[in-house]
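One structure is given below, encoded as structure tokens.
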Amino acid sequence: MRQISCFLLLLSSSTFTFAQNGIADTLLSLPAVQINASPLQNMEFAKAKQQLSKEDKSLLRNQSLAQTLQTFSSTYVKNYGPARLATTSIRGGSAVHTAVLWNGLPLQSPILGQVDFALLPTFFFDEIAMVAGSNGAAAGSGAIGGSLELNNTSSLQEKDCTKIDLSWGSYSNYFTGLKWVKGTSQYANTTRLFFQSAKNNFPYLNANGEKDLLPHSANIQYGLLQENTWKIHLKHILNSRLWWQNNDRELPPTRFQGRSVATQNDRALRAQIEWKYLADHFVQQIQLSFVDEDLIYEDSIAEIYSDSKTQVFQLDANWQFNWKEKHKLLLDIKYLFTKAISNNYLFEPTRSQYVLFASYQYLIHPKWKIQIDTRQEVVDDQLVPFTPELRFSFLASQPISLYANVSRFFRLPTFNDWYWPTGDPNLAPENGWGQELGMNWDINQSWELSANLFHKRVEDWIIWLPNGPNFTPKNVQTVGVLGSELQLNGSQKIGNLVAEVDLFGQWLRARNLRSVREGDESKGLQLIYTPKWQGRAHVQLLYQKWRFQYQLLYTGKVYTTIDHSLDLPSFFLSNIQWAKTWKCFRFRFAVNNLWNLDYEVVAQRPMLGRNYEIGIQINL
């Protein structure tokens with residue numbers, strides 16, 4: 001408590017200093033910092049970033065974030081089935097190598113180190129953006145493959161409205177969402193509620209090749225997101241957010257299991273309150289966040305009952321400066337306190353983190369821009385690897401720009417790595433360096449081509465190895481990643497018809513560079529569940545108030561064993577969707593897995609065949 005008190009005193013004194021000294025008066029006139037943007041968004045460039053458009057998001061509001069990422073990003077989603085566990089792999093990273101930030105708050109589980117994207121409703125977020133590539137300086141622990149930014153924007157300027165989303169899908173898949181906005185120029189209230197349920201009893205082929213219905217696979221999810229914004233003064237804004245959610249899932253058997261009675265309940269309460277001081281060229285923000293999560297897994301057949309609770313407290317203060325049309329500076333100080341309570345641990349572990357982050361951007365010339373990011377963390381009085389990043393961009397000619405970045409990254413061991421009865425409290429953080437070269441070519445006002453080449457090397461990669469009758473985590477693996485991405489997107493108008501096209505392809509080589517034990521055959525081989533090739537093609541046709549969308553997703557072969565003795569074949573997945581919009585009403589019809597493909601993303605976990613969906617959206 002003494003450390004926390006000192007930290008609060010430092011923040012309060014710095015706030016008083018900036019407010020009294022009138023720094024904004026000493027700076028030259030420049031465009032003001034965006035009110036709704038997060039501090040990191042104002043400093044992002046020279047990165048491969050994909051942001052979901054407002055229109056695309058409106059068609060996906062009934063889906064989980066796992067479905068949204070699989071459809072509209074370069075992320076490989078490792079999906080165990082409808083509403084089942086869904087994790088990500090970005091540019092050769094594992095499930096624990098994606099940092100997820102909700103308005104600046106990390107959402108990765110301290111116990112598992114990952115996020116289950118099947119539990120995150122797209123309906124709850126105003127902005128969804130993925131930064132591919134190492135992003136450790138800005139996003140912190142775990143941003144080895146990339147980071148995902150989920151933001152809720154201020155609604156002071158949003159008109160009063162009520163939005164209702166209803167959808168009905170195959171196998172009793174129902175979704176209801178309500179968004180209610182009410183406010184004035186000084187105050188705004190935004191309330192979101194959702195309910196989703198499904199039986200997921202779809203037909204599949206069991207181990208004997210016989211058609212059967214997937215049993216014990218139902219799920220129910222519901223939640224509330226409450227946001228309030230107060231404009232206390234011309235330059236002072238106060239925001240509060242409360243996110244509560246409950247998820248109940250039956251866990252079905254694999255193709256080779258006779259039956260399953262396993263269940264999982266996930267409950268989460270997340271709260272934030274933040275104050276912003278807005279000057280012409282200076283923004284100060286102080287944010288207080290709290291997370292309380294509980295995961296209960298129960299399997300009476302295996303006689304397993306696991307109850308794991310985590311609590312996270314974060315205090316964050318940052319200052320943003322713009323001056324002389326050439327300089328941007330961001331300073332950020334954080335304190336995080338994490339506690340875990342689990343019947344799998346011998347005690348209740350805690351962790352304290354202090355974070356200091358600084359980012360400086362300089363416009364050297366109208367064609368040249370450079371940025372330096374630095375991050376230093378202290379975890380339980382121990383320094384973690386110093387994490388710098390250098391980025392620069394160059395406008396080679398009017399339509400073509402080049403960028404490059406070099407970055408260091410790290411990932412702290414999870415609480416399970418450290419505190420499981422067979423864990424190792426002396427594990428070191430994973431760490432390494434990444435590099436990227438990229439090009440953006442604005443072919444004309446309607447078409448854009450982008451390409452990049454990236455590389456990284458991860459040292460001290462943690463894996464669990466056999467140790468007698470148990471498994472123990474060790475810093476023994478070294479992984480090298482080399483890859484390239486190519487994307488073309490644009491639109492063409494033909495009379496009253498507008499055609500929009502988005503094409504993306506990725507080649508990726510992610511290999512284990514050293515043997516981790518005697519007899520290890522994985523050296524030099526592609527990592528498991530890491531496809532060498534991925535691609536997507538999206539085509540949309542817009543005619544007056546009609547919209548037709550076709551999606552073709554390609555996933556290359558993945559290996560499911562480290563010696564490559566077993567694999568899952570590559571597959572193409574097709575989806576189509578029609579939508580018609582009236583003044584306050586939209587109707588849509590979708591066919592997913594159009595060709596009724598029998599495929600797996602995780603071995604022995606059947607995926608949904610052809611299925612249908614009808615949805616309506618009402619705006620009042």
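Note on segment 307-327: residues that are farther than 24 Å from ASP266 by Cβ, among the charged types (D, E, K, R) and open to solvent by 60 Å² or more (accessible area, probe 1.4 Å) amount to 3. Flag set for SER12, criterion: assigned to a helix (DSSP H, G or I), modelled with pLDDT under 85 and polar (S, T, N, Q).
Regarding GLU521, is this residue of a type in the set (D, E, K, R), touching a strand residue (DSSP E or B) at 6+ places or on another chain (Cβ under 7 Å) and either modelled with pLDDT under 95 or open to solvent by less than 30 Å² (accessible area, probe 1.4 Å) (or both)? It is false that GLU521 is of a type in the set (D, E, K, R), touching a strand residue (DSSP E or B) at 6+ places or on another chain (Cβ under 7 Å) and either modelled with pLDDT under 95 or open to solvent by less than 30 Å² (accessible area, probe 1.4 Å) (or both).
Of the residues making up segment 327-358, just one is among the hydroxyl-bearing types (Ser, Thr, Tyr) and not in a strand (DSSP E or B), namely TYR345.
Here PHE394 meets the list (1) out of contact with any His (no Cβ under 8 Å at 6 or more places or on another chain); (2) modelled with pLDDT of 95 or more; (3) surrounded by 15 or more Cβ atoms within 10 Å (Cβ to Cβ) almost entirely, failing just condition (2). Just checking, does segment 417-432 include any residue being outside any loop (DSSP other than H, G, I, E, B), small (Gly, Ala, Ser) and touching a Leu at 6+ places or on another chain (Cβ under 8 Å)? For segment 417-432, residues outside any loop (DSSP other than H, G, I, E, B), small (Gly, Ala, Ser) and touching a Leu at 6+ places or on another chain (Cβ under 8 Å): absent. Looking across segment 163-200 at every residue that is touching a residue at least 12 places away in the same chain (Cβ under 8 Å) and outside any strand (DSSP E or B), the one that is farthest from ILE614 (Cα to Cα) is identified as GLN186. Exactly one of (1) closer than 30 Å to ALA302 by Cβ; (2) out of contact with any Lys or Arg (no Cβ under 9 Å at 6 or more places or on another chain); (3) part of a strand (DSSP E or B) is unmet by TRP230. Its number? Failing condition for TRP230: (1).
For beta carbons closer than 8 Å, sequence separation of 6+ or different chains, a first residue in segment 300-326 that is at pLDDT below 95 and among the aromatic types (Phe, Trp, Tyr) and a second that is assigned to a loop (DSSP other than H, G, I, E, B) and surrounded by 14 or more Cβ atoms within 10 Å (Cβ to Cβ), the qualifying pairs are PHE321/LEU27; PHE321/HIS281; TRP323/LEU27; TRP323/LEU30; TRP323/HIS281. Pairs linking a residue in segment 265-276 that is in contact (Cβ under 8 Å) with a residue 60 or more places away in the chain and within 12 Å of VAL312 (Cα to Cα) to a residue that is β-branched (Val, Ile, Thr) and in a strand (DSSP E or B), with Cβ atoms under 6 Å and 6 or more positions apart or on different chains, are ARG270/VAL291. Number of residues in segment 601-617 that are assigned to a strand (DSSP E or B) and in contact with a Lys or Arg (Cβ under 6 Å, 6 or more places away or on another chain) equals 2. The set of residues from segment 136-148 being open to solvent by less than 10 Å² (accessible area, probe 1.4 Å) and outside any helix (DSSP H, G or I) comprises GLY140, GLY142, ALA143, ILE144, GLY145, GLY146, SER147, LEU148.
Within segment 503-518, the set of residues being closer than 30 Å to LYS580 by Cβ and either aliphatic (A, V, I, L, M) or surrounded by fewer than 19 Cβ atoms within 10 Å (Cβ to Cβ) (or both) comprises just one member, LEU503.
Does ASP598 fit the bill of being outside any strand (DSSP E or B), among the acidic types (Asp, Glu) and free of Cβ contacts under 8 Å to residues at least 60 places away in the same chain? In short, no.
Scanning segment 248-285 for residues that are in a strand (DSSP E or B) and farther than 28 Å from LYS235 by Cβ turns up ASP248, ARG249, GLU250, THR263, GLN264, ASN265, ASP266, ARG267, ALA268, LEU269. Among the residues of segment 427-469, the one identified as acidic (Asp, Glu), over 30 Å from PRO399 (Cβ atoms) and in contact (Cβ under 8 Å) with a residue 60 or more places away in the chain is GLU430. Scanning segment 590-620 for residues that are of a type in the set (D, E, K, R) and over 13 Å from SER170 (Cα atoms), we see that the one that is most open to solvent (accessible area, probe 1.4 Å) is ASP598.
From the list ARG259, ARG241, ARG267, which one is more than 30 Å from LEU288 (Cβ to Cβ) and of a type in the set (D, E, K, R)? Answer to the check: ARG259. Considering only segment 230-252, state which residues are touching a residue at least 60 places away in the same chain (Cβ under 8 Å), over 30 Å from ARG84 (Cβ atoms) and not aliphatic (A, V, I, L, M). Within segment 230-252, LYS231, ASN239 qualify. Residues of segment 201-223 that are farther than 15 Å from ARG255 by Cβ, open to solvent by 50 Å² or more (accessible area, probe 1.4 Å) and either part of a strand (DSSP E or B) or in contact with a helix residue (DSSP H, G or I) (Cβ under 8 Å, 6 or more places away or on another chain) (or both): ILE220, TYR222.
The values are calculated or read from the model by the stated rules, or taken from the named source; none is laboratory data. Owing to the predicted nature of the structure, the values given are computational and were not obtained by experimental measurement. For neighbour counting, all protein chains shown are included, and Cβ atoms are generated from backbone atoms with ideal geometry for every residue, glycine included. For accessibility, only protein heavy atoms count, side chains too; no ligands or nucleic acids. Shrake-Rupley method; radii C 1.70, N 1.55, O 1.52, S 1.80 Å.
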